[in-house]
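What follows is a set of notes on a single structure, which appears directly below.
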């Protein structure tokens, strides 16, 4: 005789011996398997759980197993609570009805709880739909899905139906799905969100879930139905397009739009912080002479060389932006005006002694700069206007120098 398998939790280790004796008296051979946690038992298996062995985090897994809760003192109220959480039944340790119930269930074990006939018209219809479709009951257990869903996640229908999302997805992803399911059932109606899904080939895809609650005659939520849309390529394209709008196409560095986005974020961080933030504006001196001598292609090459050189001089906390033809911003985090001024002076000095090679000819380039310490409370446009004026003052003072703004 092939033994039936029953799983049990730690606090039932000694008690199960008495139960085994009773079951064997009535011809039931049991293979007992101890588990430390409920997720160590397979979905759809019968598991006996001592009430004190169950954590709140175990509740989502109860309904995907035939979970029998064993309590020291049985009451109708506590029994119903466990059944509402997804348990199959609840018994006291000394209740002989448990033996009778187990014999009944083990006798019916060979029956397929989720038998599906080929003429199930609903299944035929949803199998014809190419998008993955699933539906769950109010305890978050899968009660149906189509062929596309099975192919998408790499599990057969038998591995899905009657199982929890924790049985077919990694826990860190299942936690997100379960939280969304709880929210949907609580609020009713429809829900749309995006989350990662682990596909059958081991890759993570970005999926848009469109779900809705279905209700009974008294409008009580019976479960939810969902459709999945793979938006990985769409989102990648959106990110690429967004990056393109924030990147200078010639030099590959960040542009003014990116600066506007970052600066507001930096201001928000520093409204309640004592860390300083400074901005350096740079302009290439006599850039028109480079264009006149080497043409616009030579000017483009010069801008690329200047950008690369500036990037090589930055600290890890600095960010470079090309905000105009030959004008640049450098955002300097954790830097006050005194240090910003020193950094700008050193940058101009080093640039003046560096030799660039344009069209096989050596070229020396200088920079003019303005620096200012940014105040998150001050108007940004006024601040930029002040540092721009400082830059023009540096130009008026003979170029290749720095003018600070002291507030």
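The values are calculated or read from the model by the stated rules, or taken from the named source; none is laboratory data. Nothing here was measured: the structure is a model prediction, and the numbers come from that model. In this analysis, Cβ positions are derived from the backbone assuming ideal geometry, glycine residues included, and neighbour counts consider all displayed protein chains.
Before moving on, here are some points about what is shown:
- Look at (1) in contact (Cβ under 8 Å) with a residue 40 or more places away in the chain; (2) farther than 26 Å from residue 177 by Cα and you find that residue 63 fails only one, number (2).
- Some residue of the stretch 76-89 being more than 30 Å from residue 171 (Cβ to Cβ), exposed (fewer than 12 other Cβ atoms within 10 Å of the Cβ) and at pLDDT 90 or above: yes
- The stretch 349-366: number of residues that are touching a helix residue (DSSP H, G or I) at 6+ places or on another chain (Cβ under 9 Å) and either buried (at least 20 other Cβ atoms within 10 Å of the Cβ) or outside any helix (DSSP H, G or I) (or both): 11
- Meets criteria (in contact (Cβ under 8 Å) with a residue 12 or more places away in the chain, in contact with a strand residue (DSSP E or B) (Cβ under 8 Å, 6 or more places away or on another chain) and either in the same structural domain as residue 212 (by TED's automatic domain parsing) or over 27 Å from residue 45 (Cβ atoms) (or both)) for residue 199: yes
- Residue tally, condition more than 26 Å from residue 265 (Cβ to Cβ) and buried (at least 18 other Cβ atoms within 10 Å of the Cβ), over the stretch 385-399: 1
- Matching residues in the stretch 163-179 - criterion: being surrounded by 19 or more Cβ atoms within 10 Å (Cβ to Cβ) and out of contact with any helix residue (DSSP H, G or I) (no Cβ under 9 Å at 6 or more places or on another chain): 163
- Residue within the stretch 377-384 that is surrounded by 20 or more Cβ atoms within 10 Å (Cβ to Cβ) and under 20 Å from residue 257 (Cβ atoms) present: no
- Positions within the stretch 138-155 being assigned to a helix (DSSP H, G or I) and free of Cβ contacts under 8 Å to residues at least 60 places away in the same chain, in sequence order: 147, 148, 150, 151, 153
- Each residue in the stretch 31-57 was checked for being touching a residue at least 40 places away in the same chain (Cβ under 8 Å) and over 25 Å from residue 160 (Cα atoms), and 3 pass.
- Any pair with Cβ under 6 angstrom, 6 or more apart, that starts in the stretch 371-399 at a residue that is assigned by TED's automatic domain parsing to the domain that holds residue 267 and touching a residue at least 60 places away in the same chain (Cβ under 8 Å) and ends at one that is surrounded by fewer than 14 Cβ atoms within 10 Å (Cβ to Cβ) and part of a loop (DSSP other than H, G, I, E, B): 373/336; 376/271
The rows are residues; the columns are (1) part of a strand (DSSP E or B); (2) more than 30 Å from residue 165 (Cβ to Cβ); (3) without any contact (Cβ under 8 Å) to a residue 12 or more places away in the chain.
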site	(1), (2), (3)
222	yes, no, no
226	yes, no, no
236	no, no, yes
241	no, yes, yes
252	no, yes, no
290	no, yes, no
294	no, yes, no
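- Of all residues in the stretch 386-403, at least one satisfies being part of a strand (DSSP E or B), more than 22 Å from residue 311 (Cβ to Cβ) and touching a strand residue (DSSP E or B) at 6+ places or on another chain (Cβ under 9 Å).
- Flag if residue 357 is in contact (Cβ under 8 Å) with a residue 60 or more places away in the chain and assigned by TED's automatic domain parsing to the domain that holds residue 254: no
- Residues within the stretch 267-277 that are in a helix (DSSP H, G or I) and surrounded by 16 or more Cβ atoms within 10 Å (Cβ to Cβ), tallied: 2
- The stretch 41-57 - residue that is within 24 Å of residue 175 (Cβ to Cβ) and crowded, with 19+ Cβ neighbours inside 10 Å and, of those, modelled with the lowest pLDDT: 43
- Subset of the stretch 180-212 (residues that are closer than 20 Å to residue 229 by Cβ and assigned to a helix (DSSP H, G or I)): 180, 181, 183, 184
- Looking only at the stretch 316-337, and only at residues there that are over 25 Å from residue 244 (Cβ atoms), part of a loop (DSSP other than H, G, I, E, B) and in contact (Cβ under 8 Å) with a residue 24 or more places away in the chain, the one that is nearest to the chain's Cα centre (by Cα): 334
- Some residue of the stretch 13-29 being free of Cβ contacts under 8 Å to residues at least 60 places away in the same chain, in contact with a helix residue (DSSP H, G or I) (Cβ under 9 Å, 6 or more places away or on another chain) and crowded, with 17+ Cβ neighbours inside 10 Å: no
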